[in-house]
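Please read the structure below before turning to the comments.
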Amino acid sequence: MKALLLIDIQNDFLPGGALAVPGGDAILPLVNQLQERFGLVVATQDWHPQNHKSFALQHTGRQVFDVVELQGLEQVLWPDHCVQGTAGAGFSAKLRMHKVEAIFRKGMNPEIDSYSGFYDNGHLKSTGLADYLRGKGITDIYLAGLAADYCVYFSAKDALQEGFKAHIIEDATRAISPEGFEKAKADIKAGGGEIVQSSSLL
Ligand code: VGL
Ligand code: ZN
């Protein structure tokens, strides 16, 4: 059984948003079409408190895209984004939501970032997504959304680690850094995952 996992298709990651992924809006028609091909569609939502430590403004003297240490982990510093309850944290108005059965929020702990929809970056706390999908009899997870080299990548990595087959739908995602996504794809393939095109599903 397969599920479609829509990663962080939120206004702040789309053109005009606080942490816009180049070309991010181009995936929307495709993502809407893909949903019709799946019996289960689940979404994740980046959902930070205003004082989240991944925000550069929480670190005096630091700039956006600087790398610091947080909870013993390398942390890229981001502009404020997906702040709980703001318009930027909302799903795109162009994203069809009628097939989305559940929304898993992440990034609520101000002390640690959470790229994956399954765990925070330190694997300290589960969102419950893996057990939810197992409970639905899911074996194969297809990933779409933003950003390819961060939240899509780390969600695919955790999906593999949780024993699912992971398939990244390449043309239904966009990266912050294309070089970063090349590395991410190689890592997913090395871990037994697959990179597919939407044409193989539509
Ligand atoms: C993301 C950076 C920070 C993502 C979330 O959704 O890929 N990237 N927070
Ligand atoms: Zn975030």
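The values are calculated or read from the model by the stated rules, or taken from the named source; none is laboratory data. Here the structure is a predicted model, which means the values were calculated and not measured. Neighbour counts run over all protein chains shown; Cβ positions are idealised from the backbone, glycine included.
Of note:
- Test: residue in the stretch 149-172 that is under 23 Å from residue 27 (Cα atoms), touching a Pro at 6+ places or on another chain (Cβ under 9 Å) and without any contact (Cβ under 8 Å) to a residue 60 or more places away in the chain: yes
- Hey, residue 159 touching a strand residue (DSSP E or B) at 6+ places or on another chain (Cβ under 8 Å), surrounded by 20 or more Cβ atoms within 10 Å (Cβ to Cβ) and closer than 14 Å to residue 21 by Cβ or not: no
- When 68, 42 are screened for being assigned to a strand (DSSP E or B), away from ligand 1 (no atom under 11 Å from the Cβ), among the aliphatic types (A, V, I, L, M) and within 19 Å of residue 109 (Cβ to Cβ), only 68 passes.
- Hits in the stretch 88-136 - residues which are charged (D, E, K, R) and more than 13 Å from the chain's Cα centre (by Cα): 94, 96, 99, 101, 111, 125, 131, 134, 136
- Among the candidates 39, 85, 16, 61, residue that is over 18 Å from residue 151 (Cα atoms), within 16 Å of ligand 2 (Cβ to nearest atom) and over 17 Å from the mean Cα position of the chain (by Cα): 85
- Of note, residue 61 does not satisfy the criterion of being buried (at least 18 other Cβ atoms within 10 Å of the Cβ) and over 17 Å from residue 120 (Cα atoms).
- Any chance residue 33 is away from ligand 2 (no atom under 16 Å from the Cβ) and either outside any loop (DSSP other than H, G, I, E, B) or touching a residue at least 60 places away in the same chain (Cβ under 8 Å) (or both): yes
- Verdict on residue 101 being at pLDDT 95 or above, surrounded by fewer than 17 Cβ atoms within 10 Å (Cβ to Cβ) and farther than 29 Å from residue 197 by Cβ: no
- Enumeration of residues in the stretch 99-128 that are in a strand (DSSP E or B) and among the hydroxyl-bearing types (Ser, Thr, Tyr): 119, 126
- Leading residue by the ranking (farthest from residue 115 (Cα to Cα)) among those in the stretch 64-82 that are within 16 Å of ligand 2 (Cβ to nearest atom) and acidic (Asp, Glu): 66
- When we screen 38, 65 for residues that are without any contact (Cβ under 8 Å) to a residue 40 or more places away in the chain and either closer than 30 Å to residue 101 by Cβ or touching a strand residue (DSSP E or B) at 6+ places or on another chain (Cβ under 8 Å) (or both), the only hit is 65.
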